[in-house]
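As structure tokens, the structure follows; a few thoughts come after it.
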Number of protein chains: 2
Amino acid sequence: MPDVKHFDPEAVLEQVERLFWQRGAATTGIAEVIAVTGLSRSSLYATYGGKQDLYVQALRRYVERRSEPMFETLASDGRGLPAVAAFFDTLIEARCTGEYARWGCMAANAHAGPGDPQVRGLLDHHHGRLRAAMREALEAAGDQLRPGLDLDAVAESLALLAYGVNVRSRAGADPESLHKGVAAALDALRPTRT
Amino acid sequence: MPDVKHFDPEAVLEQVERLFWQRGAATTGIAEVIAVTGLSRSSLYATYGGKQDLYVQALRRYVERRSEPMFETLASDGRGLPAVAAFFDTLIEARCTGEYARWGCMAANAHAGPGDPQVRGLLDHHHGRLRAAMREALEAAGDQLRPGLDLDAVAESLALLAYGVNVRSRAGADPESLHKGVAAALDALRPTRT
DNA sequence: TCTATCCTGGAACGAGCAGTCCAAGTTGAG
DNA sequence: CTCAACTTGGACTGCTCGTTCCAGGATAGA
């Protein structure tokens, strides 16, 4: 059965992911996808389906291959607040400098689009994973935290803060301001110095 | 000079604002704008220019007429932390229930679009105003706050938090979770109970 | 070598897009 | 009343969109 594809579907999907991540789904045409990936319309539609399917697959890849590793690092770090701080440092660095500067977070960006059910499912999953990882990191913080905190609620607030960082970085926010804001949020969690 | 328009440009602009706010600029066609406003292509293009100009004007109206009043209330309240809490309560209520439920914040949504310079200018202005209002509210908090806080940094962190609320609410986030997250962030600012 | 199968390239399609243009209508000034 | 200025409705244009389709090429098994 000569059914061997002439390209690597995973590698192509990564290119597509980057295109949609940077430019957004609505403002990116199939013609651009073809130009960037180099494959033909037939192969594209045969392999991935239509544009919306393609976008969903790209977003899924982003959540699984880009976000999830960061979440796992955060959850399994074990240092407590320094792990959370490192997470935000890495995030701000990635969002403001280098190859992906001003691309924001593809999942955060996707919130602005139309409310496709598949997309919403991915976004809810993404948020749940972020919050859970944040919560795990906080559980390891012990007495680095002031007493009496509701860790679930704090995890939620830090997850929301991360969305803020992602959103503002896409508009070219000053990384120093972002660092300051994050530092203030984390400082407030620490016990009062005695 | 019979040059009286047959419609109220301001009222039309509000309808356009709501359309772009809810559906986004890229996914809204001029045909929809015409259908909703009831005016003709000629009048639309003669009055507002092309689609991008129209979007910028709608976004400007949103920032000036929707966001700014909330910022002014926050800045001039004078109660301190309760004012900040009330701001977030109102925000979550507006984002999750009623006429504008799941529309998010038009300015936050605009971050996901292409980096148009005019749009970016509006978004930077919007963020600056939010942060400044937050800072003013915090200055009135006095000893409601734990000592030693950097108010600028805290204001930035609360502004970022607001973006998180706006973004997640568009995906239908549970308002209770949002309230919890906000409450945790504000609680952490208070002095340790003695 | 022959054949069945599947992938590939590119032409073609209809729909929808943003934007232009002009004849017709309306209104205040003279 | 007449005219000039301006708005209005809607036909029209050229383009781009996502999607379909098919002839041709490549390949593995018989």
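The values are calculated or read from the model by the stated rules, or taken from the named source; none is laboratory data. Note that the structure is a prediction, hence the values are computed from the model and not measured. Every residue, glycine as well, gets a Cβ built from its backbone with ideal geometry; the counts of neighbours run over all protein chains shown. These area figures cover heavy atoms from the full protein model, side chains too; ligands, DNA and RNA do not enter into them. Shrake-Rupley method; radii C 1.70, N 1.55, O 1.52, S 1.80 Å.
Computed quantities for the displayed model
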{"quantity": "Other-copy label distances relative to B:ALA35, 7 angstrom Cα-Cβ extension, nm", "calculated": "3.0"}
{"quantity": "Whole-number D in µm²/s for the stretch A:100-187 (Stokes-Einstein; Kirkwood sum over Cα pairs; 20 °C, 1.002 mPa s)", "calculated": "150 µm²/s"}
{"quantity": "Equivalent ellipsoid dimensions for chain B as semi-axes, Å, which come from the Cα gyration tensor, largest first", "calculated": "37, 17, 14"}
{"quantity": "Accessible-area ranking of B:SER43, B:SER67, A:SER76, largest first, probe 1.4 Å", "calculated": "A:SER76, B:SER43, B:SER67"}
{"quantity": "Cα extents of the protein assembly as shown along the three principal axes, largest first (Å)", "calculated": "77, 66, 33"}
{"quantity": "Other copies of B:VAL4: label-to-label distances in nm, shortest first, labels 7 Å along the beta-carbon direction", "calculated": "7.9"}
{"quantity": "Karplus-derived 3J(HN,Hα), 6.51/-1.76/1.60, for each residue of the stretch A:117-130, Hz, glycine and proline x", "calculated": "x, 4, 4, 4, x, 5, 5, 5, 4, 4, 5, x, 5, 4"}
{"quantity": "Theoretical ellipticity at 222 nm over chain B - DSSP helices of four or more residues, -39500 (n - 2.57) apiece, nearest 500", "calculated": "-21000 deg cm²/dmol"}
{"quantity": "Surface accessible to a 1.4 Å probe, per residue, for the residues of the protein assembly as shown, Å²", "calculated": "45 Å²"}
{"quantity": "For the stretch A:172-177, 3J(HN,Hα) per residue [Karplus equation, 6.51 cos²θ - 1.76 cosθ + 1.60, θ = phi - 60°, Hz, x = Gly/Pro]", "calculated": "x, 4, 5, x, 5, 4"}
{"quantity": "Average other protein chain Cβ within 10 Å of Cβ, residues A:165-175", "calculated": "6"}
{"quantity": "Copies compared at A:ARG65 - label distances in nm, ascending, label defined 7 Å from Cα in the Cβ direction", "calculated": "4.5"}
{"quantity": "Qualifying lysines (Cα of each under 28 Å from Cα of B:LYS180; at least 8 residues distant if same chain)", "calculated": "A:LYS180"}
{"quantity": "Average beta-carbon neighbours from other chains, 10 Å sphere, peptide A:114-120", "calculated": "2"}
{"quantity": "Within 10 Å of each Cβ in B:186-193, the average number of Cβ atoms from other chains", "calculated": "5"}
{"quantity": "A:CYS96 accessible area, assembled protein chains, probe 1.4 Å, Å²", "calculated": "30 Å²"}
{"quantity": "B:THR27 accessible area, assembled protein chains, probe 1.4 Å, Å²", "calculated": "60 Å²"}
{"quantity": "Accessible area in the full protein assembly, largest first, 1.4 Å probe, for B:GLU139, B:GLU68", "calculated": "B:GLU139, B:GLU68"}
{"quantity": "Interface size B-A, as summed buried accessible area [1.4 Å probe, Å², nearest 100]", "calculated": "3400 Å²"}
